[in-house]
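Chemist: Below: one structure in structure tokens.
No value in this document is a laboratory result; all are computed from the given coordinates. Keep in mind the model is a prediction, meaning the values are calculated, not measured. Positions of Cβ are backbone-derived with ideal geometry, glycine not excepted, and every protein chain shown enters the neighbour counts.
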Amino acid sequence: MKYLTIDTTTKITALALAEKGKLVGEGFLHTGKTHSERLIPMLDQLLTAAAWKLAELDFIAVVRGPGSFTGIRIGIATAQGLAQVLKIPVFGITSLDTLAWAGRGRSEEIVVLLDARKNEYYYARYRFLESRECVDGPKALSPQALLKVLTPMEQSFYFVGDAVPAAQKYLTEALGPRAIIPLEYQYLPRGAYAVFEAWQQWPKIAAQTRSALSSVEPFYIRMSEAEVNYRKKNSQQE
């Protein structure tokens, strides 16, 4: 089976083509342009390089959050639009589960940290045994709350996610050698990670009815700034 994955939940546009869980090609762009400017041209170039046609795809998997509210909406809208035209299933996977694959094969617990703004991280913690297992989260945590969770533990942690650069200094100061920081190309979102997560989810997804695979709901964890302001405004008027 051939499939496409789309991840626009951070500032990085990450696309990938895969067949039966094997990565065929991926695109990675970390530039100043918006996702809406680079997503379709990037997909076109990737298909051309792989000598694939859109009509060959069997399904699409899109990373549905948490992450950038705008990025999430762009990714989902693109995935659903393509799936509707091609008449193939589309389903969502989460950014935290997806990034956990950056630590596949590691003996340490994998801590995924994504920039949630407002001095918080979207956080989840994983371990790989026979399969990926989430042992804590997902949730939004402040840096102080994160250290309160991790510091008492004795094991080492492998940190991934776009919040790693900002968190690196205080993580290494607080945890010492127990904080393992990989190279940038390893901890940032990649199409390959979405390929692995989508293929792991596909067997149970395929068992659903086609009507259940026609739409994807965003996964935000917390409300957007607009929603917060809207609720404040309405509560003041009551």
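Chemist: Between their Cα atoms, which of Lys11/Lys87; Lys11/Lys169; Lys2/Lys33; Lys22/Lys53; Lys11/Lys33 are more than 19 Å away from each other? Let's see the in-between values first.
Modeler: Numbers: Lys11/Lys87 29 Å; Lys11/Lys169 22 Å; Lys2/Lys33 28 Å; Lys22/Lys53 17 Å; Lys11/Lys33 9 Å.
Flagged as over cut-off: Lys11/Lys87; Lys11/Lys169; Lys2/Lys33.
Chemist: Report, to two decimal places, the Cα Rg of the chain normalised by 2.2 N^0.38 Å (N = number of residues).
Modeler: Values: Rg = 18.3 Å, N = 238, 2.2 N^0.38 = 17.6 Å.
Ratio of Cα Rg to 2.2 N^0.38 Å: 1.04.
Chemist: Here is a further query. Where Lys and Arg each count +1 and Asp and Glu each count -1, what net charge lies around Ala14 among other residues with Cβ under 10 Å from its Cβ? Provide the component values of the computation, followed by the final result.
Modeler: Numbers: positive: Arg190; negative: Asp7, Glu26.
Surrounding charge for Ala14 is -1.
Chemist: Suppose only helical runs count, i.e. DSSP H with n ≥ 4. What mean residue ellipticity at 222 nm does that imply for the chain under -39500 (n - 2.57) per run, divided by all residues and rounded to the nearest 500 deg cm²/dmol? Show your work: numbers first, answer last.
Modeler: Details: 8 runs with 92 residues, N = 238.
Result for the chain, helices only: -12000 deg cm²/dmol.
Chemist: Through the Karplus equation 6.51 cos²θ - 1.76 cosθ + 1.60, θ set to phi - 60°, convert the phi angles of region 159-164 into ³J(HN,Hα) values in whole Hz; use x for Gly and Pro.
Modeler: So the Karplus estimates, Gly and Pro as x, are 9, 9, x, 6, 8, 4 Hz.
Chemist: Are there trypsin sites (Lys or Arg not before Pro) in region 53-119 that DSSP marks as loop and that have at most 14 other Cβ atoms within 10 Å, and which are they? Each step should come with its number before you reach the end.
Modeler: Values: sites: Lys53, Arg64, Arg73, Lys87, Arg104, Arg106, Arg117, Lys118; in loops: Lys53, Arg64, Lys87, Arg104, Arg106, Lys118.
Sparse-neighbourhood loop trypsin sites (Lys or Arg not before Pro): Lys53, Lys87, Arg104, Lys118.
Chemist: Starting from the exponent 0.38 and prefactor 2.2 Å, build the expected Rg for region 32-173 from its residue count and divide its actual Cα Rg by it. Provide the component values of the computation, followed by the final result.
Modeler: On the way: Rg = 17.6 Å, N = 142, 2.2 N^0.38 = 14.5 Å.
Here the answer is 1.22, to two decimals.
Chemist: Let me ask another. If you find the alpha carbon centre of region 134-187 and of region 63-81, how far apart are they in angstrom?
Modeler: With region 134-187 and region 63-81 each reduced to a Cα centre, they are spaced 26 Å.
Chemist: Related question: Normalised radius of gyration for region 96-187, please: alpha carbon Rg relative to 2.2 N^0.38 Å, two decimal places. Working shown, then result.
Modeler: Details: Rg = 11.8 Å, N = 92, 2.2 N^0.38 = 12.3 Å.
Working it through for region 96-187, the quotient is 0.96.
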